[in-house]
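Take a look at the structure below.
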Amino acid sequence: MSNTGYEFKHLFLPCKIGNIEVKNRFVFQPHVPYFGGLDGYPTETMKRYYLERAKGGNGLIVIESLMVHPTGVYAPGCVLMYNEGIAESFRDFTQRMHEYGAKVFGQLSHAGVNAIAKPAQLTYAPSQFPDINGRIIPMEMDEDLIEDVIRGFGESAQRLQEAGFDGCELKFAHDGLLKAFGSVSLNQRTDKYGGSYENRMRFFTEIVKDIRRRVGAEFAIGVRLCIDEFVTGGITQEDGIRFAKTCEEVGCDYINGDSGDSVDASMQIFPMGVPLGAGVYLASAVKKAVNIPVVAFGRVNDPVLMELILEEGHADFVGSARQFICDPETANKAKEGRLDDIRHCIACNEACIYQCMQAKPIHCCQNPAAGREETLGIGTLTETEEPKKIMVVGGGIAGMKFAEIATKRGHKVTIYEKEEYLGGQINIAEKLPFRAEISEVARYIRLQLQKYHVECHLGVEVNAAMVEEQNPDIVVVATGSVPYYTPVKGMDTTNVKVIDVRHALLHPEDVGDKVVVFDRQGHMQAAGAAEYAVAFGSEVYYYTPFDRIGTDVDPITMQLVKRRLFDAPDFHYQTYYDLEELLEKDIVVRQCYSGKTETIKDVDTLIYAQYSRSDSALYKELKKTRKNVFSIGDCSAPRLIEQVIYESEMLARRL
């Protein structure tokens, strides 16, 4: 349904942060995409990444955690603001950002004990308490080092100003040194930097004062502030509001909301299944307590929601990182009334934050251009000089994405899909508990196919004769994959119903009262199937040869999945177990290292989650007799959404 008539009364109004006027209320939130050079200087890839979001219409862009001191670097790939000469390397960047009408701030940070590199050579903290995993013990900072880090923040802010930035933002957020000094539990010092609230905040207030002395009133200073850590003994909402008041009193120009801790990152970078706008109430509480602009946060992925947040007075700006990674043109599309044309972030976390947590360059499962802006970004899709008649066999995500891009280039594309609907496995995956938003992947591409009038034949199973009859210039086979599981002794004679995850989701009547879920796939299939069976009231036994549930799923998503599963009274699980044998009504499992066996009795259903195999028979048959036959997606090899969409777009651009 079209919603292009929606009227935005607040989202596109200018607003001042200190003496800096921002053209609208969209804020691209800071994060570390790991596009910096190993020398600590910005790369052209990094610059293009941020420029794309400025080109897309964001009013304010806060670039990543810039390291202010050699003692506090997250990992290689971070930009080192303490490097001499770094201001010069940013001047062309800020000039280009301003040409798009964006204001650009730099977030200044010291990692403290939260270095991502494991093991870190040496980490630093206000007191000698371990990192959040309890394995790395930091060095307690002496006053000389504290003063040197304060100077590092000030000099880094000065370099930002010299480089043409409009402001800086101090990271007092879900991790890092500033939060550690402010924390009652992490700061156990007895000198002037610990003890009382005023002493614990002294490190922060001295940094703000030193920066202001260096940069003057025309340069904005803000704070990315943790308002609630959601952990026992951590920062509470009451603490966060008190911090915010101190930020205002010491001369900060805005508060950028944040929450969570690395102990429970699910409240820091909200994954799929957490309601949209989950952090807005925290920003709203801060706004009631201060008189400087506040940025709302927390799964805000749609301009209509952003407008509502502003209209109801919860914040002055609305921030997101993942939404603008997914669709850099969100702001421009909203302004032009193309709301249905916006590609919404589904908070899968797979290609972005999961990569960031491993200090790897980030991408996006839906947007192949993220991190590849030079070759795939806005304005790079060119019209073909030789339009072709292309037949796409298979209307799953791979076939749909190829058809979208090829059609936009000017080819005449027709899709044939054997089911009565497009979307392929997305239509099954969306049935998993708390995973309904994955349907957005298909919704967006389906809309593009409608918009560009791509001809789709549904309920049609294609064979080689039909291809010969249509005689296209190019055939793209995207017939997907079929479930597969390794045969187990007794599988042919057991009375236990053996089904794969796809079958379980399509036929809930086959999920019995006592269920064994066996995970040899490592991703969301088994974990999701377990939640699915639990939701039906089944007693569930989960076994896997891997070291944990969802071993290949991003840890943030799995924190919530595990919490829900372990809260279920009839959920049991064991790692490092393999299937040994299926008896008449029992299942025997074997411990992978000791070889000892256990028997689960009176089992109704075994849900077997293993890898899939390509459904490539038609592709192989056509390759024998035709030229210009290509396979994409699971038809080539079963993979995740990110790889399938990237591959499909690249083929469509190449032909």
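Odds and ends about this structure:
- For region 42-70, taking the residues that are in a loop (DSSP other than H, G, I, E, B) and out of contact with any Gly (no Cβ under 9 Å at 6 or more places or on another chain), the one that is surrounded by the most Cβ atoms within 10 Å (Cβ to Cβ) is identified as Asn58.
- For Glu44, the stated conditions do not hold, so it cannot be described as modelled with pLDDT of 95 or more, out of contact with any Cys (no Cβ under 8 Å at 6 or more places or on another chain), within 24 Å of Asp210 (Cβ to Cβ) and acidic (Asp, Glu).
- Within region 284-319, being touching a residue at least 40 places away in the same chain (Cβ under 8 Å), within 25 Å of Ser266 (Cα to Cα) and β-branched (Val, Ile, Thr) holds for Val286, Val294, Val295, Val304, Val318.
- Identity of the residue in region 71-98, within 24 Å of the chain's Cα centre (by Cα) and open to solvent by 30 Å² or more (accessible area, probe 1.4 Å), that ends up farthest from Pro14 (Cα to Cα): Pro76
- Residue satisfying all of: in region 626-635; in a loop (DSSP other than H, G, I, E, B) and of a type outside the set (D, E, K, R); farthest from Tyr416 (Cα to Cα) among these: Asn628
- Any chance Gly222 is in a loop (DSSP other than H, G, I, E, B), touching a residue at least 12 places away in the same chain (Cβ under 8 Å), open to solvent by less than 30 Å² (accessible area, probe 1.4 Å) and not acidic (Asp, Glu): no
- The condition of being among the small types (Gly, Ala, Ser), over 27 Å from Lys55 (Cα atoms) and open to solvent by less than 50 Å² (accessible area, probe 1.4 Å) holds for only one of Gly377, Gly410, Gly423, that being Gly423.
- Members of region 169-188 found to be more than 19 Å from Ile63 (Cα to Cα), open to solvent by less than 20 Å² (accessible area, probe 1.4 Å) and touching a strand residue (DSSP E or B) at 6+ places or on another chain (Cβ under 8 Å), listed by number: Lys179, Ala180, Gly182
- Residue that is nearest to Tyr354 (Cα to Cα) [pool: residues in region 559-576 that are open to solvent by 60 Å² or more (accessible area, probe 1.4 Å) and basic (Lys, Arg)]: Arg563
- Residues in region 599-620 that are buried (at least 18 other Cβ atoms within 10 Å of the Cβ) and part of a helix (DSSP H, G or I): 2 in all.
- Residue match in region 24-37 (condition: outside any loop (DSSP other than H, G, I, E, B) and touching a Pro at 6+ places or on another chain (Cβ under 8 Å)): no
- Selection status of Lys335, over 30 Å from Lys179 (Cα atoms) and either within 21 Å of the chain's Cα centre (by Cα) or surrounded by fewer than 19 Cβ atoms within 10 Å (Cβ to Cβ) (or both): yes
- Filtered residue count, region 636-655, keeping only those that are in contact with an Asp or Glu (Cβ under 8 Å, 6 or more places away or on another chain), assigned to a helix (DSSP H, G or I) and closer than 23 Å to Gln525 by Cα: 3
- Single residue of region 442-452 satisfying the filter (touching a residue at least 40 places away in the same chain (Cβ under 8 Å) and surrounded by fewer than 15 Cβ atoms within 10 Å (Cβ to Cβ)) that is farthest from Val393 (Cα to Cα): Lys451
Residue by residue, here is whether (1) closer than 22 Å to Pro14 by Cα; (2) of a type outside the set (D, E, K, R) holds:
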| position | (1), (2) |
| --- | --- |
| Tyr254 | yes, yes |
| Ala265 | no, yes |
| Pro271 | no, yes |
| Pro275 | no, yes |
| Leu282 | no, yes |
| Ile292 | yes, yes |
| Arg299 | no, no |
| Leu305 | yes, yes |
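- Looking only at region 254-285, and only at residues there that are surrounded by fewer than 24 Cβ atoms within 10 Å (Cβ to Cβ) and charged (D, E, K, R), the one that is nearest to Val208 (Cα to Cα): Asp261
- Looking only at region 523-558, and only at residues there that are of a type in the set (Val, Ile, Thr) and within 22 Å of the chain's Cα centre (by Cα), the one that is surrounded by the most Cβ atoms within 10 Å (Cβ to Cβ): Thr557
- Count - residues of region 143-178 that are closer than 17 Å to Ile221 by Cβ and without any contact (Cβ under 8 Å) to a residue 60 or more places away in the chain: 3
- Of the strands (runs of 3 or more DSSP E) that lie entirely inside region 416-516, those containing 3 or more residues that are over 28 Å from the mean Cα position of the chain (by Cα), of a type in the set (Val, Ile, Thr) and under 19 Å from Lys389 (Cα atoms) span 474-477.
- Among residues of region 601-621 that are farther than 27 Å from Ala464 by Cβ, those with a beta-carbon under 7 Å from a residue that is open to solvent by 10 Å² or more (accessible area, probe 1.4 Å) and among the small types (Gly, Ala, Ser) at least six positions away or on a different chain give the pairs Asp604/Gly512; Thr605/Gly512.
- Single residue of Lys623, Lys585 found to be charged (D, E, K, R), within 30 Å of Arg654 (Cα to Cα) and not in a strand (DSSP E or B): Lys623
- Residues of region 450-486 classified as of a type in the set (A, V, I, L, M) and under 30 Å from Val274 (Cβ atoms), total: 0
- Any hit, region 127-135, residues being of a type in the set (D, E, K, R), in a helix (DSSP H, G or I) and on the phi < 0 side of the Ramachandran plot: no
The values are calculated or read from the model by the stated rules, or taken from the named source; none is laboratory data. Just so we're clear, the structure is a prediction, and the values are computed from it rather than from any experiment. Here Cβ is always computed from backbone atoms with ideal geometry, including for glycine, and neighbour counts include all displayed protein chains. Each accessible area value is taken on the protein alone, full model and side chains, heavy atoms only, with ligands, DNA and RNA left out. Shrake-Rupley method; radii C 1.70, N 1.55, O 1.52, S 1.80 Å.
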